[in-house]
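> I'd like to ask some things about the structure below.
The values are calculated or read from the model by the stated rules, or taken from the named source; none is laboratory data. Bear in mind that the values here come from a model prediction, so they are computed numbers and not experimental data. We place every Cβ from the backbone using ideal geometry, glycine too, and count neighbours over all the protein chains shown.
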Amino acid sequence: MPLALSLPAKILFCALGYNHLGLVDEFGRIFMQGNNRYGQLGTGDKMDRGEPTQVHYLQHPIALWCGLNHSLVLSQGLDFSKELLGCGCGAGGRLPGWPKGSASFVKLHVKVPLCACSLCSTRECLYMLSSHDIEHHPAYRDLPASKVVGTPEPNPGSGVLQDPGGTAWACKEYLSQIHSCPTLQDRMEKMKEIVGWMPLLAAQKDFFWEALDMLQKAAGGVGQGPPTPES
């Protein structure tokens, strides 16, 4: 018998995998639920989720796909460039550029057409559908800042934007990952990797990668630009 899920808003679309699912609500928030053995929920860990869990650092996707033991998100940046992010098992080319997989959504090594609007994936193949219909993408509503974790809201006293949860949580998780690296060079490589995960403009990512390369070389390491999948 179908069971109703308790959700905070209307769901616009969903994706069903072998033993996990993804939901996108009317405000562009992504919720994942189910088996997380390979990190296919993108929560940064491998703990199963019995209830829909929001992935705070991803918002406003164009498309979402849940596969056998991996998940994919098609997103669009502020500069209208598009990129494909994925998490979970990387075997068989399911996460191009990340053969070892990832428990967090990472940018895949795929050139995404500007007109890409939908996607699907099998064990060994990835398909993207293109469309020139400018009204094809989901029209998300603006969520009141006081009702969402992770959305900046103004401080009544100063008018300064505050961040009550989501972004702060993601940054705290990133710092924890950096802190767990045993050497300075490992931390620099991890920082490059994290820059690749962040929703920054392409020029901003290039700036941070080049700056980190300079610091790495000054510290005696060998900088090589953007991180490799194994870093």
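Yes/no matrix, rows are residues, columns are (1) of a type in the set (Gly, Ala, Ser); (2) touching a helix residue (DSSP H, G or I) at 6+ places or on another chain (Cβ under 8 Å):
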residue: VAL73; (1), (2): no, no
residue: GLY77; (1), (2): yes, yes
residue: LYS82; (1), (2): no, no
residue: ARG94; (1), (2): no, no
residue: GLY97; (1), (2): yes, no
residue: SER104; (1), (2): yes, yes
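> Might you check whether a residue that is over 20 Å from VAL24 (Cβ atoms), under 16 Å from the mean Cα position of the chain (by Cα), assigned by TED's automatic domain parsing to the domain that holds LEU23 and part of a loop (DSSP other than H, G, I, E, B) occurs anywhere in the range 120-127?
No, the range 120-127 has no match at all.
> Right, next: Going by the conditions given, is PRO96 assigned to a loop (DSSP other than H, G, I, E, B), of a type outside the set (A, V, I, L, M) and at pLDDT below 85?
no
> Looking at the range 1-53 only, could you name the residues that are part of a loop (DSSP other than H, G, I, E, B) and over 19 Å from PHE105 (Cα atoms)?
Passing the criteria: MET1, PRO2, LEU3, ALA4, LEU5, SER6, LEU7, PRO8, ALA9, LYS10, GLU26, PHE27.
> From GLY34, GLY88, which residue is under 27 Å from MET191 (Cα atoms) and either at pLDDT 90 or above or aliphatic (A, V, I, L, M) (or both)?
Only one candidate passes the filter, namely GLY88.
> Does THR122 count as out of contact with any Phe, Trp or Tyr (no Cβ under 9 Å at 6 or more places or on another chain) and within 28 Å of GLN204 (Cα to Cα)?
Here the answer is no, as THR122 does not meet what is asked.
> Against the condition basic (Lys, Arg), in contact with an Asp or Glu (Cβ under 8 Å, 6 or more places away or on another chain), at pLDDT 90 or above and on the phi < 0 side of the Ramachandran plot, how does ARG49 come out, does it pass?
The answer is no for ARG49.
> Does LYS82 fit the bill of being farther than 21 Å from SER118 by Cβ, surrounded by fewer than 22 Cβ atoms within 10 Å (Cβ to Cβ) and within 17 Å of the chain's Cα centre (by Cα)?
In short, no.
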